Amino acid sequence: MNGFIARLGIFLLAIISFSTVLIYGGAAWAPLPEGLPDSGQATNWALQFAIFAHVILGLRVFGLLVTWTFIAPTSGETISREGRSAVLHASSIAALWSLSAVIAGLTTMANVLGVTFNEVFRKGFISTYLMALPPSRSYLITALIALAIAIAGVFLVSLNSIALLAALSGAGIAAPLLNSHAASIGSHSLALASSVAHGLAMSAWVGCLWAVSTFVKAKDLKVVARFSALAATSVAVLAISGLAAAYARLDSVSDLWLSRYGQIVVLKIVFFALLMVLAIQIRARLTSTGSLTKFLGTEVAIMALAIGVGVALHSTPMSRISLPLNSAGEEILGFAYPPPPTLSTVIFGWNPEWFMLTISLVAAALYTVGLIRIKQNQIKWSTLRTVSFMIGIGLVIWTTNAGISMYSKVSFEYHMIQHMVLSMIAPIFIVLSTPITLALRALPAQKSADHRSLREWILALLHSGYSKLITHPLMVLGIFTFGLYGLYFTPLFATLMASHTGHIFMELHFLISGILFSYVVIGADPSPRNVPYWSRLMIVLVGLSLHAFFAIAIMQSSEPIGVDWYIQVQPPWIPDLLADTTAGGSIAWALGEIPTFLLLVIVAVMWSRDDSRLAKQIDRAADRDGDADLRAYNAQLGLLNDRDNLSNE
């Protein structure tokens, strides 16, 4: 009973904090001027509390799944009995999370259209607008993800499966953040990337702390140590993403004390600083004999206040106001048209896509850490591999952040350059650097009966059924083909180009599909499939043919590719969209030939070296045993010959 009252009190504290900050920050309902459609006070408050429930329930599901997969003790390849109970609990919460996301999506739609919540069901708005409006669509995606977790969690027990559910819950948390009100400001790339990083880091820290509280009370030092590593990373990401978010949403430093948005940001910082101090105090007392109940109770109370403030801040009007641009096309893009392209502006221009830049820099940092570790362990590593990786990552950074990234949004020709570099050139260098081999050599080969290490997670992923499926030659060609024909010859291309999230999705698809193709063809890293060299050559040749037909089809197209998008953002220096498409087809033809030829050379050289290596092994074996295999083979032939001679007689 006391536990229930304590949880109810914490919940009410978060509600009070959330409501107070909403009202103070100006996010609460206020009547609109006469003549403007208004969804009403009830719908507005329903929206705010649905968002609040979505955040709380989402981080709870995420925390439980992450904790009992990666932090808490396990039972071999499956979760423990206690973990099974926790996953079932997460499954039931996920059902509520799905419901809250549905309500958030419907009330968001009602708020945008200026109708009450009841009218949404009466006038057929759902079928027309629910998927058409990005904010409501993102909540529907979250609802479907949460529903899938609620159903799958009842049946799944393996660590691999629960890890997949944890990843899905992270995607469910991130989806609405990609369509937050930060999308309307000038620095929307930085604002959205920081929002996603901030939301996931907060969910990891708060959600996992909530889940490991019983281990903290029991002073389980192993679990606490694992959580501490996650918490330290989460706090670092929170700090960096928080600074980036403040930079993107505030006009000046003075807004921190002059604007209500800035004041709420300061309040949130104070709460999280207090949480960090308490966490340090609790960690210091883990080895003592005293009780941690008082410290934990205080930490949970402050955390409830901090969550209420953080969720309310998400809906608070920002102090930064975007300046109007000169044309409708520029308003759609979110930035002014780039000048007519020159070698300098394309190569040396700068238009950061913060999501891709962050991923690239993190990958480079991890590779560097791996190099340092193997050097400490006195393991040899080729300098050419390191150079190859840095070239590959450098190409990814260039094509997604340099001037070409800006031109690719308004010109199909430059978009195709970006596509070819991401899918066919950069992946070759990345795969030749053998990052999986580096990770396996750098990570300690320690095994524990009740916990799977990071190295074991990599090996489990390599030998999983999913990895065997996606590395099948036909599957590789299928993914490669979809990235060409399924994207550019359907309305999907224009749809994805019309949103920042869709553009990031395309860039990730190009890069990942290219890495997968090169990974299977080159075969330098450990793989779940032993693809023979002749099969690798066939993959390259078939891929070359498919790519050639694709380029020819674009060059002979009678109408521009992605015309529904490019006609809206056509800059003055592109007078003919069809000519721009034809130039893009020529780029696809020219840039596709070079990496394909390079892959053929790499496979041929590796095949030759493998044959030479096999021949040397056979020669060494023959020297050791006096060519016993050859003598046995000759003896067998002699017996067969004698048998034939006897039968003839």
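Within the stretch 410-422, residues that are within 25 Å of E331 (Cβ to Cβ) and in a helix (DSSP H, G or I) reach partners that are of a type outside the set (A, V, I, L, M) and open to solvent by 10 Å² or more (accessible area, probe 1.4 Å) with beta carbons closer than 8 Å, at six or more positions or on different chains, in the pairs F412/P560; F412/G562; F412/D580; E413/D580; Y414/P341; H415/K409.
Residues in the stretch 322-360 that are aliphatic (A, V, I, L, M) and under 29 Å from the mean Cα position of the chain (by Cα): 8 in all.
How many residues are in a helix (DSSP H, G or I) and in contact with a helix residue (DSSP H, G or I) (Cβ under 7 Å, 6 or more places away or on another chain) if we restrict to the stretch 315-344?
Of all residues in the stretch 315-344, those in a helix (DSSP H, G or I) come to 315, 328-333, 343-344.
Of the ones still in play, those that are also in contact with a helix residue (DSSP H, G or I) (Cβ under 7 Å, 6 or more places away or on another chain) are 315.
Count: 1.
Which of the residues that make up the stretch 57-71 are of a type outside the set (S, T, N, Q) and buried (at least 24 other Cβ atoms within 10 Å of the Cβ)? If you could, list the steps in order and put the result at the bottom.
As a first pass, look at the stretch 57-71 and keep what is of a type outside the set (S, T, N, Q): 57-66, 68, 70-71.
G58, L59, V61, F62, G63, L64, L65, V66, W68, listed by residue number.
Here's a check for you: in the stretch 483-527, which residue that is among the hydroxyl-bearing types (S, T, Y) and within 18 Å of the chain's Cα centre (by Cα) is surrounded by the fewest Cβ atoms within 10 Å (Cβ to Cβ)? The extreme case among them is S499.
Does the stretch 72-83 include one or more residues that are free of Cβ contacts under 8 Å to residues at least 40 places away in the same chain, under 28 Å from G310 (Cα atoms) and surrounded by fewer than 22 Cβ atoms within 10 Å (Cβ to Cβ)? No: zero hits.
The set of residues in the stretch 319-356 that are within 21 Å of L200 (Cβ to Cβ) and hydrophobic (A, V, I, L, M, F, W, C) comprises W354, F355, M356.
For the stretch 426-474, a residue qualifies if it is within 17 Å of G370 (Cα to Cα), polar (S, T, N, Q) and assigned to a helix (DSSP H, G or I), and exactly one does: T437.
A search for C-beta distances below 8 Å between a residue of the stretch 220-240 that is under 12 Å from V206 (Cα atoms) and any residue that is of a type in the set (S, T, N, Q) and open to solvent by 50 Å² or more (accessible area, probe 1.4 Å), counting only pairs 6+ apart in sequence or on different chains, returns nothing.
Test I79 against the stated conditions and say whether it is of a type in the set (V, I, T), more than 25 Å from A175 (Cβ to Cβ) and at pLDDT 85 or above.
Values: of a type in the set (V, I, T): yes; more than 25 Å from A175 (Cβ to Cβ): yes; at pLDDT 85 or above: yes.
So I79 passes the test.
Please determine, by comparing only the residues of the stretch 398-409 that are hydrophobic (A, V, I, L, M, F, W, C) and assigned to a helix (DSSP H, G or I), which one is least open to solvent (accessible area, probe 1.4 Å). Once the filter is applied, the top-ranked residue is I404.
Among the residues of the stretch 420-447, how many are of a type in the set (G, A, S) and out of contact with any Ser or Thr (no Cβ under 9 Å at 6 or more places or on another chain)? Reasoning before the result, please.
Kept after step one, since they are of a type in the set (G, A, S), are these residues of the stretch 420-447: 423, 426, 433, 439, 442, 445.
Restricting the remaining residues to those that are out of contact with any Ser or Thr (no Cβ under 9 Å at 6 or more places or on another chain) gives 439, 442.
The qualifying residues number 2.
In the stretch 513-526, the residues that are within 19 Å of T481 (Cα to Cα) and modelled with pLDDT of 95 or more form no Cβ pair under 8 Å with any partner that is open to solvent by 20 Å² or more (accessible area, probe 1.4 Å) and part of a loop (DSSP other than H, G, I, E, B), whether six or more places apart or across chains. Set side by side, the residues I173, I141 differ, and just one is open to solvent by 10 Å² or more (accessible area, probe 1.4 Å) and closer than 30 Å to T298 by Cβ, which is I173. The residues of the stretch 236-267 that are open to solvent by 30 Å² or more (accessible area, probe 1.4 Å) and within 18 Å of V196 (Cβ to Cβ), listed by number, are A236, V237, A239, I240, L243, Y247.
Could you tell me whether the stretch 532-554 includes any residue that is closer than 30 Å to A175 by Cβ and in contact (Cβ under 8 Å) with a residue 60 or more places away in the chain? No: zero hits.
Does A110 qualify as being in contact with a Phe, Trp or Tyr (Cβ under 6 Å, 6 or more places away or on another chain) and more than 25 Å from F18 (Cα to Cα)? Explain how you work it out, then say what you get.
Numbers: in contact with a Phe, Trp or Tyr (Cβ under 6 Å, 6 or more places away or on another chain): yes; more than 25 Å from F18 (Cα to Cα): no.
In short, no.
Which residues, taken from the stretch 569-588, are outside any helix (DSSP H, G or I) and either over 17 Å from Q418 (Cβ atoms) or of a type in the set (V, I, T) (or both)? Within the stretch 569-588, V569, Q570, P572, W573, I574, P575, D576 qualify.
Please state which one of L599, L591 is within 17 Å of I417 (Cα to Cα), in contact (Cβ under 8 Å) with a residue 24 or more places away in the chain and buried (at least 16 other Cβ atoms within 10 Å of the Cβ). Break it down stepwise before answering.
Values: L599 fails: within 17 Å of I417 (Cα to Cα).
After applying the criteria, what remains is L591.
Of everything in the stretch 119-131 that's in contact with a helix residue (DSSP H, G or I) (Cβ under 9 Å, 6 or more places away or on another chain) and within 16 Å of P37 (Cβ to Cβ), which residue is modelled with the lowest pLDDT? My answer is F125. Is there a residue in the stretch 558-568 that is in a helix (DSSP H, G or I) and touching a Gly at 6+ places or on another chain (Cβ under 9 Å)? No, the stretch 558-568 has no match at all.
Do the conditions hold for F480, that is, is it open to solvent by less than 50 Å² (accessible area, probe 1.4 Å), at pLDDT below 90 and under 22 Å from the mean Cα position of the chain (by Cα)? Don't jump to the end; show me each part of the working.
Working: open to solvent by less than 50 Å² (accessible area, probe 1.4 Å): yes; at pLDDT below 90: yes; under 22 Å from the mean Cα position of the chain (by Cα): yes.
Against the criterion (open to solvent by less than 50 Å² (accessible area, probe 1.4 Å), at pLDDT below 90 and under 22 Å from the mean Cα position of the chain (by Cα)), F480 qualifies.
The values are calculated or read from the model by the stated rules, or taken from the named source; none is laboratory data. If you're wondering where the values come from, they're calculated on a predicted model, not measured in any experiment. When we count neighbours, we look across all protein chains shown, and the Cβ atoms used for this are built from the backbone with ideal geometry, even at glycine. Only protein heavy atoms, including side chains, enter the accessible area calculation; ligands, DNA and RNA are left aside. Shrake-Rupley method; radii C 1.70, N 1.55, O 1.52, S 1.80 Å.
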